[in-house]
Every structure is written in structure tokens, then in C-alpha cells.
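Could you have a look at this structure, given as C-alpha cells, before my questions?
The values are calculated or read from the model by the stated rules, or taken from the named source; none is laboratory data. Please read all numbers here as calculations on a predicted model, not as lab measurements. Neighbour counts are summed over all protein chains in view; Cβ atoms, including those assigned to glycine, are modelled from backbone coordinates with ideal geometry.
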Amino acid sequence: MFLPLILVAVVTVGALVYVARPLFGNVKSPPAAHADDLAARRLELVEERDRALAALKELEFDHRTGKVSDVDYRELIGPLRTRAVETLRLLEPAGQRVRSARSSRRQRRPKAKVRS
Amino acid sequence: VALFGHLVLVLVLGLLVYATLAGSYAALRGRRRLLESAGNALVAAFVGTALAAGTLVLAFVHNDFSLSYVASHSSRELPLGYTLAALWSGQEGSLLLWLLVLTGASTAALLMNRRLIGDVLPWTVPILAGIAAYFAFIPNVVASPFATQTAPPNGLGMNASLQNPYMMIHPPLLYLGYVGLTIPFAFAMAALVSRRVDERWVVASRRWTLFSWTLLGVAILIGAKWAYESIGWGGYYAWDPVENAALMPWLAATAFLHSVMVQEKKNMLRVWNVVLIALTFSLTLFGTFLTRSGVVNSIHSFSQSSIGGWFLSFIVVIAVGSTVLILARLSILRTPIRFESLASREAAFLYNNLLLVAFALTMLWGVAFPLVSEAVRGVPVTVGPPYYNFFLRVFGLPLLLLMGIGPLLAWRRASLRSFARAVAWPLLFALLVGAMLLRAGAGSSPPGLVAYTFSAFVIAAVTLEFWRGTRARKELGDGTWVGAFTSLVARNRRRYGGYISHAAVVLLAIGVVGSSVYNTGRTAHLQPGQATSIGGYSATYLGTTLIRSPSHDALRGQFALSYRGKPVGIVAAGKNHYKVEQFFANAVGIHTDWLRAEDVMLIADQFDKDGSVFLKVAVNPLVDLIWFAGVVFLLGSIVAMWPDAREQRQLARRSLEIEARPVSV
């Protein structure tokens with residue numbers, strides 16, 4: 001009669017110690033953060049960039065296997081590249097983004113002169 | 001033993017209630033240490049449940065008939081293997097096994113996704129604990145496996161139809177599949193509560209769904225094999241409500257595994273995917289309700305019980321709770337991305353989803369209608385195989401065709417010209433096969449002929465995909481053909497693992513159609529020395545033998561089988577008399593021709609005193625492809641499930657990018 005009670009007491013104490021341990025130990029990592037709008041937006045962009053790059057790879061492979069015709073490939077590759085570049089640009093740090101925007105404007109200017 | 005088991009179960013319930021409450025508070029307030037404590041309580045609950053289950057198994061092994069559950073499901077004569085498996089042969093033990101698997105899967109999910117749960121989805125802990133608390137409440141309050149009585153000298157024995165080797169593996173696998181689907185549900189709901197609907201919960205849910213879906217699929221096939229070999233009615237799937245209860249969540253999970261790819265590739269169908277996850281989990285609960293409540297007439301309903309009301313209430317709570325949560329988060333789930341074309345890979349996935357879900361819901365209606373009819377009109381109505389067979393054709397044939405078309409379509413859009421070019425060879429092959437089969441007489445069943453033609457199309461499409469992919473990889477410098485093939489599969493395991501699973505479904509379709517549409521059978525009354533013939537086979541009745549064992553007497557008729565005049569062997573078919581249970585069960589005799597994947601099944605229905613036997617002989621063409629399909633299915637799933645180092649690296653890189661510059665956008 002007593003043996004089961006003793007065994008249950010041992011199991012209960014063991015469980016309580018195990019459950020309570022994190023409450024008295026050192027915090028191994030910072031507290032769980034709440035969703036941060038900016039971090040979430042950044043993650044969204046990172047995922048979008050990865051999706052765009054993966055889509056480009058997939059399109060290349062489908063074109064190579066003959067699943068996508070040359071005409072379809074030419075039509076699809078442009079928007080995909082634009083999307084990939086756009087997300088990459090949005091993910092650049094703000095200062096770098098301004099510099100790269102200026103540099104791309106500078107690169108475009110001489111061409112415009114040639115055309116005119 | 002009873003006291004220990006009972007008190008440990010009380011402790012488990014207490015731990016799970018604590019994990020639910022503390023975990024909710026921790027998730028709400030962002031308290032990491034409290035969340036870890038709640039997680040530990042969930043792990044401790046698993047250990048406690050394992051102790052309780054181990055105690056019950058020990059009671060079975062020691063024939064402790066003072067436990068009512070042991071006395072009702074075992075006997076001193078029961079072989080050890082079945083004695084161990086008796087744990088899940090009845091209501092109370094099954095629910096205990098359910099709790100064990102659920103807490104075990106929750107523990108595994110916590111350990112494998114520690115960082116995701118701690119940093120992003122803390123609500124996973126209280127959701128898992130809450131569900132487990134419900135399953136711990138049932139054996140504590142409603143159906144205790146540790147209820148005691150005055151010990152009788154012997155137990156009542158085990159249900160004879162459960163005394164089969166498949167019974168030792170089918171229920172645990174089925175439970176692993178069912179219960180595993182709780183984990184993706186918990187991730188999805190945690191993501192919604194936390195408003196973290198990015199890709200992280202999707203990846204974790206997809207992996208768990210794939211794992212559970214594989215086990216559920218294999219369990220369904222093993223259950224079919226069990227029915228085929230032990231029940232002795234000549235079939236393997238009878239559209240029994242409890243069989244359907246396992247198939248419905250499998251279909252919904254199949255839909256999710258396809259549509260989740262659209263979300264990962266194109267960030268579309270986000271609302272649809274959480275709906276599918278919630279539907280799948282609700283269907284697993286509904287399946288448990290059907291199996292355990294005994295509300296429907298089924299060969300699987302081994303007991304009538306009072307837990308139906310509890311289950312129904314829980315299903316309502318889950319269905320309403322998840323619907324409200326999804327509606328509340330619609331604004332963050334919706335994306336402005338639309339389908340670019342109706343002829344694209346993603347559109348094919350959508351069609352496949354609609355067909356799969358429509359089929360699952362049609363089955364749900366077929367299963368629920370008798371219950372609704374009885375509740376409303378007081379008249380029980382049976383929905384039989386013709387209903388399900390009709391809808392199997394309506395939804396199954398287009399699904400089969402889509403399995404071939406989908407892989408040939410490119411993402412985003414396919415022009416008519418490139419589509420026509422992609423399908424040309426598979427179409428030609430399929431039409432050729434169809435014409436040959438028509439010539440061979442397969443036209444006797446138009447749906448069967450269509451199914452075979454579509455199957456040929458899928459096989460050709462899958463082969464072409466492997467061929468084109470391997471050739472492309474070789475051109476890209478992957479060395480030999482073998483190297484190129486290995487590289488192709490390794491670079492996209494999910495896609496090519498999926499194609500292998502498609503091949504398994506085709507094998508299944510060929511086996512099901514062959515054995516159900518083109519099968520033949522006859523019954524004969526034979527005296528020793530007489531023979532009966534069917535489909536080129538001849539069975540000559542030689543006489544009977546009787547083998548006695550402690551648990552049962554085995555009476556067997558011996559039949560000499562020959563095919564087109566050539567002897568192929570002696571097949572024994574008869575009956576087992578289970579002494580303790582006082583039950584007669586068929587022991588079917590099966591001869592398998594592996595080359596033709598065909599079975600000859602002998603069922604000795606009745607032995608008369610004059611030595612004669614009433615024998616049923618059935619020839620089931622291609623039936624063995626069904627079991628072979630199970631092996632191929634498992635192979636495809638393993639390929640798809642194999643850990644993808646690149647995906648892991650990508651997820652880790654994303655985390656680093658967010659941590660490094662969290663507010664730079």
C-alpha cells in the first residue's frame with residue numbers, strides 16, 4: 001500500500017524540481033521578444049528576396065529542361081529580376097541605399113547624353 | 001499498481017494544466033523562464049504518461065486481473081506479443097496510448113524547435129499542453145485504465161479479430177500519424193496568436209505534417225492489409241466509417257502539403273493553408289470521436305462508451321476557436337498576390353487542393369449523415385460503398401490526371417505552345433497504353449480503362465521529369481548520369497520525393513482498379529478430392545487438419561492449387577476457434593503470384609460433418625501493387641523528409657540578418 005505512495009511521491013518531487021528549475025536558474029537567452037513591426041517588415045523582405053532568387057533559379061532550370069519555352073522565358077525573367085533587385089535594394093542599409101541610388105543615377109546620366 | 005498508475009495520471013493532468021496556464025501567461029507577458037518551466041512540465045507529463053503506460057503493460061504481463069481493463073482484454077492463454085499489444089486493444093488503454101504519443105510528440109517538437117518556440121512562437125507550449133490536458137482529463141475522469149475489481153481467475157481474452165500481427169503495428173502507427181498532426185496545428189495557431197505569420201511556422205509545420213502524413217498513410221495501408229488477410233471478406237477497404245475517419249485527415253494533409261509549396265514559393269494561399277491545418281486537426285479529432293465513442297456501426301468500434309459527448313464538445317471548441325482566430329487575423333494573412341495564369345503549377349496545386357478537400361468533405365458528409373439522420377429523424381441510414389465509389393471516380397480520376405499535368409507545368413504561367421510540347425510524349429504514351437488495354441478487353445469497365453490511361457500518363461510524366469532534370473544537371477557539369485541523377489534529387493528532395501510518392505499513388509490506383517473492377521470469384525461445395533476452377537486456377541480439396549494451441553484451435557482445409565494445369569502449391573484455409581473468447585474467426589488462404597502481382601484467395605466458409613467444405617475462391621488481379629505502393633510511398637516520403645542542409649542554412653542566415661539589423665528598414 002505504501003510503496004506506490006512512496007513511488008508517486010518520488011516521481012512528483014522529481015517532476016516539481018524539473019519544472020521549477022528554469023524559474024531559479026540563470027536566463028540562458030533574452031526574454032521572448034514581442035513582434036517588432038520593423039523586424040517583421042525586414043523578415044518579410046528577406047523572405048521575399050529569397051523567394052525571388054529561388055524563382056529565378058527555378059526558371060533557369062525549367063528553361064534548361066525545356067519546360068519553359070524561349071518566348072515564355074524572356075517574358076518571365078524580366079519581372080523576376082526586377083523583383084529580386086527591388087528587394088535587395090530595400091534590404092540595403094539606409095545610407096548605402098542612398099549611395100547606390102546616386103551611383104546608379106550617375107551611371108545612367110552619360111547614356112542619356114549619348115542618346116540626346 | 002492501480003494506485004500508482006492512477007496517481008501518476010493525476011500528476012500528469014496537474015502538470016499539463018500548469019503548462020497550459022503558466023505557458024499562456026509566459027507567452028502573453030514575454031516571460032522566458034516561465035515559458036521554459038511550462039515546457040518542462042510538458043516534458044515531465046510525457047515521462048509520467050510513459051510510467052503509467054508501462055505500469056499498465058506490466059499489469060498485462062503479470063495477468064493482474066484486479067484491473068478491470070486487463071481482465072476485459074487479456075487472458076492467461078494470450079501469447080506474449082498480443083499481451084503487450086493489449087494496451088491499445090480497448091478504449092481506456094487506447095486513450096492512454098493517445099496521451100503518451102501526444103505528450104511524446106509535443107516533447108519532440110519542443111526539443112527540435114526550441115529556438116523557434118522560445119523566440120517566435122511561445123504560444124505553441126500552452127496550445128499543445130491544453131490539448132494534452134484534455135486527453136489527460138479523459139483517462140482520469142471518464143475512462144480510467146486503472147479501475148479495479150475483484151480479480152477473476154482468468155480474463156475475458158482479446159477480441160479475436162485483433163489477434164493478428166498487424167494489430168501490433170497498425171494502431172501505434174495510426175496514432176503517431178493522427179497525433180503528429182496536432183503539432184502543425186499548434187504551430188499555426190501560435191503563429192496566429194503571436195501575429196508571426198512569416199515563413200517560420202510554415203517550415204516547421206510542413207516538416208511535422210509530412211512526417212505524420214507518411215505514418216498515417218502507411219498505417220492506413222497496413223490496416224488495409226490486416227483487413228485483407230484476417231477478416232476474410234475478400235477485400236481490403238470497405239468504406240467503413242472508422243476507415244474513412246483515417247483517410248479524411250490524410251486527404252486534408254495531402255492538400256496542405258501541396259498548397260504549402262505555393263505559400264513558400266509565391267507567398268500565396270496563406271489563409272487557405274491555416275484553414276487546411278485547422279481542418280486536418282479537426283478531422284483527426286472527429287476520427288477519434290468516431291472510433292472511440294461507438295456512435296457508428298463499424299467493425300472497428302470495439303466498445304460503446306460515454307466519451308462521445310466529451311469529444312464532441314472538444315471538437316466544437318477547437319473548430320470554433322480556430323475559426324475565430326483565423327477570422328481575427330485575416331488582415332495580416334491576406335496578401336495582394338494573385339494567380340498570373342490558370343495554366344500554371346500553382347493553379348494546378350489549387351485544383352488539386354479543391355478536389356482533395358471536396359473528396360474529404362464528401363466523405364465527411366457520408367460518415368456524418370447517418371448520425372444526423374438518426375438525431376433529426378430518428379431513422380438510422382446507412383451510406384454504403386456505392387456513394388463513396390461514385391465520388392472516388394468523380395474526384396479521384398481528375399486528381400490522377402492532375403498528378404501528371406502538374407509537374408509538367410511551369411510556375412507562374414505556361415503558354416499553350418510550351419504546355420502542348422510538355423505533355424505531348426506522356427499523352428502519346430497514355431493513349432497508346434489505353435488503346436492496347438481496350439484491345440485486351442479492359443473496356444468492360446470504362447472508369448477502370450480511364451484510370452489506367454491516366455496512370456500511364458502520370459508514369460510517363462514523372463519519368464520524363466526525372467529524365468529531363470537529369471539531362472539538364474549533366475549538361476551543367478554534374479559528371480556521370482548517376483551523379484547527375486543523385487545531384488538532381490539531392491538539390492530538390494521535396495520535389496523528386498513527391499514524384500516518387502506520385503508513382504506510389506499510381507501503383508495504388510492500378511492495384512485498386514485491378515482488384516476491384518477486374519476481379520473474379522466463385523463459391524463451391526467440395527467433397528475431398530473434388531476441385532473448383534476460376535481464371536485459370538484450379539483448387540482441389542485434399543482434406544482437413546486440426547492444430548491445437550493454448551489460445552486457439554486451428555481447423556484448416558488443405559487445397560492443392562494449380563495454374564493452367566501446373567501445380568503452384570498447397571494453400572491452407574479455414575477457421576480459428578478462440579477458446580477463451582468463444583469466437584470463430586476466418587483464416588484466409590492466399591497464394592501470391594509476384595510476377596503478375598495477383599492473389600488467389602481461398603476462404604473456407606463452412607466445414608460440414610461429412611467432410612465437405614463451402615469454399616469461396618477469388619482471384620484479385622494486381623492487388624499486390626497496393627502493398628508495393630506502400631513501400632514506394634515510404635521511399636518517396638523519406639526522400640522528401642530527408643533533412644535539407646541548405647534550407648537549414650537559409651533559415652539560420654535569415655535569423656542572423658534580422659538579429660544583425662532589426663530596425664534598418
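Taking B:LEU13 as the residue in question, decide whether it is over 27 Å from the mean Cα position of the chain (by Cα), more than 10 Å from chain A (Cβ to nearest Cβ) and surrounded by fewer than 24 Cβ atoms within 10 Å (Cβ to Cβ).
So B:LEU13 passes the test.
Any chance segment B:627-637 includes a residue that's modelled with pLDDT of 95 or more, farther than 27 Å from B:LEU595 by Cβ and more than 14 Å from chain A (Cβ to nearest Cβ)?
The answer is yes, given that some residue of segment B:627-637 is modelled with pLDDT of 95 or more, farther than 27 Å from B:LEU595 by Cβ and more than 14 Å from chain A (Cβ to nearest Cβ).
Also, I was wondering about something else. Taking B:THR150 and the conditions (1) within 14 Å of another protein chain (Cβ to nearest Cβ); (2) among the β-branched types (Val, Ile, Thr); (3) part of a loop (DSSP other than H, G, I, E, B), which numbered condition does it fall short on, given that it satisfies the others?
Here B:THR150 meets the rest and fails (1).
Taking B:VAL517 as the residue in question, decide whether it is among the β-branched types (Val, Ile, Thr) and crowded, with 19+ Cβ neighbours inside 10 Å.
no
Give me a count of the residues in segment B:46-83 that are under 29 Å from B:ALA129 (Cβ atoms) and in contact (Cβ under 8 Å) with a residue 40 or more places away in the chain.
The number of residues fulfilling the criteria is 13.
Moving on. Could you figure out which of (1) modelled with pLDDT of 95 or more; (2) surrounded by fewer than 22 Cβ atoms within 10 Å (Cβ to Cβ) isn't true of B:PRO249?
Here B:PRO249 meets the rest and fails (2).
May I pose another question? Name every residue in segment B:579-616 that is of a type in the set (Phe, Trp, Tyr), touching a His at 6+ places or on another chain (Cβ under 9 Å) and modelled with pLDDT of 90 or more, in order of residue number.
Within segment B:579-616, just B:PHE614 meets the criteria.
Please state which one of B:ALA348, B:ALA343, B:ALA360 is assigned to a loop (DSSP other than H, G, I, E, B) and touching a residue at least 60 places away in the same chain (Cβ under 8 Å).
Exactly one residue qualifies, and that residue is B:ALA343.
On to the next question. Kindly indicate the residue of segment B:16-25 that is more than 10 Å from chain A (Cβ to nearest Cβ) and farther than 18 Å from B:ALA109 by Cα and also nearest to the chain's Cα centre (by Cα) among those meeting that condition.
B:VAL17
Being in contact with a Phe, Trp or Tyr (Cβ under 9 Å, 6 or more places away or on another chain) and either over 29 Å from B:SER655 (Cβ atoms) or aliphatic (A, V, I, L, M) (or both) is the filter here; which residues of segment A:50-64 pass it?
A:ALA55, A:LEU59, A:ASP62, A:HIS63
Name, by its number, the condition in (1) without any contact (Cβ under 8 Å) to a residue 12 or more places away in the chain; (2) under 30 Å from A:LEU59 (Cα atoms) that does not hold for B:ALA375.
That leaves (2) as the condition not met.
Let me ask something else. Given the residues B:SER455, B:SER501, B:SER487, which is the only one that is in a helix (DSSP H, G or I) and either at pLDDT below 95 or acidic (Asp, Glu) (or both)?
The unique qualifying residue is B:SER487.
For B:SER194, are the conditions met, namely being within 14 Å of another protein chain (Cβ to nearest Cβ) and modelled with pLDDT of 90 or more?
Yes.
Here are B:LEU464, B:LEU437, B:LEU488: which of them is among the hydrophobic types (A, V, I, L, M, F, W, C) and over 30 Å from the mean Cα position of the chain (by Cα)?
Answer to the selection: B:LEU437.
Let's see how each residue does on (1) farther than 22 Å from B:MET403 by Cβ; (2) touching a Gly at 6+ places or on another chain (Cβ under 6 Å); (3) within 12 Å of chain A (Cβ to nearest Cβ):
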| site | (1), (2), (3) |
| --- | --- |
| B:LEU432 | no, no, no |
| B:ALA435 | no, no, no |
| B:ARG439 | yes, no, no |
| B:VAL458 | no, yes, no |
| B:LEU476 | yes, no, yes |
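Could you list all residues from segment B:409-423 that are within 7 Å of another protein chain (Cβ to nearest Cβ) and either among the polar types (S, T, N, Q) or not in a loop (DSSP other than H, G, I, E, B) (or both)?
B:SER415, B:ARG417, B:SER418, B:ALA422
Further, regarding this structure: Mind checking which residues of segment B:592-603 are in a strand (DSSP E or B) and either buried (at least 21 other Cβ atoms within 10 Å of the Cβ) or within 27 Å of the chain's Cα centre (by Cα) (or both)?
B:THR592, B:GLU598, B:ASP599, B:VAL600, B:MET601, B:LEU602, B:ILE603
Next question. One residue is enough: does segment B:604-618 have a residue meeting the conditions under 27 Å from the mean Cα position of the chain (by Cα), part of a strand (DSSP E or B) and surrounded by 17 or more Cβ atoms within 10 Å (Cβ to Cβ)?
No - not one qualifying residue is present in segment B:604-618.
Could you check how many residues of segment B:26-83 are over 27 Å from the mean Cα position of the chain (by Cα), part of a helix (DSSP H, G or I) and within 14 Å of chain A (Cβ to nearest Cβ)?
Count: 20.
Among the numbered criteria (1) at pLDDT 95 or above; (2) under 31 Å from the mean Cα position of the chain (by Cα), which single criterion is violated by B:MET112?
Answer for B:MET112: the failing condition is (1).
So which of A:LEU16, A:LEU90 is in contact with a helix residue (DSSP H, G or I) (Cβ under 8 Å, 6 or more places away or on another chain) and either modelled with pLDDT of 85 or more or more than 9 Å from chain B (Cβ to nearest Cβ) (or both)?
A:LEU90
Same structure, new question: Can you tell me how many residues within segment A:50-75 are of a type in the set (A, V, I, L, M, F, W, C) and over 27 Å from the mean Cα position of the chain (by Cα)?
Residues meeting the conditions: 2.
Go through B:LEU128, B:LEU111, B:LEU97, B:LEU176 for me and flag whichever is among the aliphatic types (A, V, I, L, M) and out of contact with any helix residue (DSSP H, G or I) (no Cβ under 6 Å at 6 or more places or on another chain).
B:LEU111
Show the residue pairs that are 6+ apart or on different chains and have beta-carbon atoms under 9 Å apart, the first residue being within segment B:388-407 and under 15 Å from B:ALA503 (Cα atoms), the second being crowded, with 20+ Cβ neighbours inside 10 Å and among the hydroxyl-bearing types (Ser, Thr, Tyr).
Between residues of segment B:388-407 that are under 15 Å from B:ALA503 (Cα atoms) and residues that are crowded, with 20+ Cβ neighbours inside 10 Å and among the hydroxyl-bearing types (Ser, Thr, Tyr), the close pairs are B:LEU400/B:SER455; B:GLY404/B:SER455; B:PRO407/B:TYR499.
Here's a follow-up. Return the only residue of B:ALA224, B:ALA252, B:ALA238, B:ALA245 being within 14 Å of the chain's Cα centre (by Cα) and farther than 20 Å from B:THR182 by Cα.
B:ALA224
One line per residue, one yes/no per condition, for (1) more than 30 Å from A:ARG51 (Cβ to Cβ); (2) out of contact with any His (no Cβ under 7 Å at 6 or more places or on another chain); (3) in a helix (DSSP H, G or I):
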site: B:LEU356; (1), (2), (3): no, yes, yes
site: B:PHE369; (1), (2), (3): yes, yes, yes
site: B:THR382; (1), (2), (3): yes, yes, no
site: B:VAL394; (1), (2), (3): yes, yes, yes
site: B:MET403; (1), (2), (3): no, no, yes
site: B:LEU449; (1), (2), (3): yes, yes, yes
